[in-house]
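**Student:** Before we start, here is the structure in question, set down as structure tokens.
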Amino acid sequence: MAGEIEKLTATREADQAFFEAIKEELEAKKLKFIDDINTDVSAEFVHLKIIDKLHLNLKMRPDLIERQQATKLTKAELPLYENSFTFSQSKFGENSPISLSNPVKTKQHAVLYRERIYYPADEDEQSMFLNEPSKFTKGVESIPLDIHNKPKVSVIGLPKSGKSAICAAICQ
């Protein structure tokens with residue numbers, strides 16, 4: 001029994017030395033190591049804490065590189081970017097790319113992404129946009145897609161055949 005405890009203690013000390021060496025290497029390369037987690041608790045708890053720390057990198061992995069291209073713009077920086085020839089407004093104009101059906105035109109929470117300026121409505125939308133920029137820009141039209149505008153009546157005919165008169169009568 002005493003021999004097993006000594007063996008486990010030696011293994012734990014070797015693991016601790018190994019992790020300290022990795023931590024020093026990462027810090028030398030200016031990479032942030034996961035904060036110290038108390039390992040005297042259950043393995044499930046430690047696992048949950050590590051997953052919590054790596055949440056953005058695991059959950060939103062497709063946007064890992066895209067997130068690096070999106071930056072917040074301050075009120076002082078915004079006019080410089082708007083007046084430059086390199087950067088222009090997005091296809092949404094001054095509308096928020098997140099709340100398309102309820103546009104709020106404000107420039108207080110501007111974001112620069114791929115040489116385009118986006119104007120989220122508030123800080124929550126700005127953080128959503130900064131976490132997943134491609135979700136709100138790629139394959140999204142600048143008009144709401146949930147509003148369907150389908151024509152009910154079509155009037156066709158030759159020129160001067162009375163189409164305008166019929167349309168006026170239908171409108172009344």
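The values are calculated or read from the model by the stated rules, or taken from the named source; none is laboratory data. Note that the coordinates shown come from a computational prediction; the quantities given were computed from them, not determined experimentally. Methodologically, a virtual Cβ is constructed for each residue, glycine included, from the backbone with ideal geometry; neighbour enumeration extends over all protein chains shown.
**Student:** Output the residues belonging to region 38-77 that are of a type outside the set (Asp, Glu) and within 15 Å of ARG114 (Cα to Cα).
**Tutor:** If we filter region 38-77 for residues that are of a type outside the set (Asp, Glu), which is where we start, we get 38-39, 41-43, 45-51, 53-62, 64-65, 67-76.
Within region 38-77, LEU64, ILE65, ARG67, GLN68, GLN69, ALA70, THR71, LYS72, LEU73 qualify.
**Student:** Would you tally the residues in region 99-122 being among the hydrophobic types (A, V, I, L, M, F, W, C) and at pLDDT below 85?
**Tutor:** Here is the first cut: in region 99-122, the ones among the hydrophobic types (A, V, I, L, M, F, W, C) are 100, 104, 110-112, 117, 121.
Checking which are at pLDDT below 85 leaves us with 100, 104.
Of the residues in that region, 2 qualify.
**Student:** Taking LYS7, is it at pLDDT below 80 and not in a loop (DSSP other than H, G, I, E, B)?
**Tutor:** Here the answer is no, as LYS7 does not meet what is asked.
**Student:** Quick check on my filter: what residues within region 71-103 are over 19 Å from the mean Cα position of the chain (by Cα) and of a type in the set (Val, Ile, Thr)?
**Tutor:** The one that is over 19 Å from the mean Cα position of the chain (by Cα) and of a type in the set (Val, Ile, Thr): THR86.
**Student:** Same structure, new question: Within region 72-113, restricting attention to residues that are assigned to a helix (DSSP H, G or I) and of a type in the set (A, V, I, L, M), which residue is nearest to ASP124 (Cα to Cα)?
**Tutor:** Let us first name the residues in region 72-113 that are assigned to a helix (DSSP H, G or I), namely 78-82.
Restricting the remaining residues to those that are of a type in the set (A, V, I, L, M) gives 78, 80.
Values: LEU78: 19, LEU80: 24 Å.
Filtering region 72-113 for residues that are assigned to a helix (DSSP H, G or I) and of a type in the set (A, V, I, L, M), the one nearest to ASP124 (Cα to Cα) comes out as LEU78.
**Student:** Inside region 39-71, can you point out the residues that are touching a helix residue (DSSP H, G or I) at 6+ places or on another chain (Cβ under 7 Å), not in a helix (DSSP H, G or I) and not hydroxyl-bearing (Ser, Thr, Tyr)?
**Tutor:** Matches in region 39-71: MET60, ALA70.
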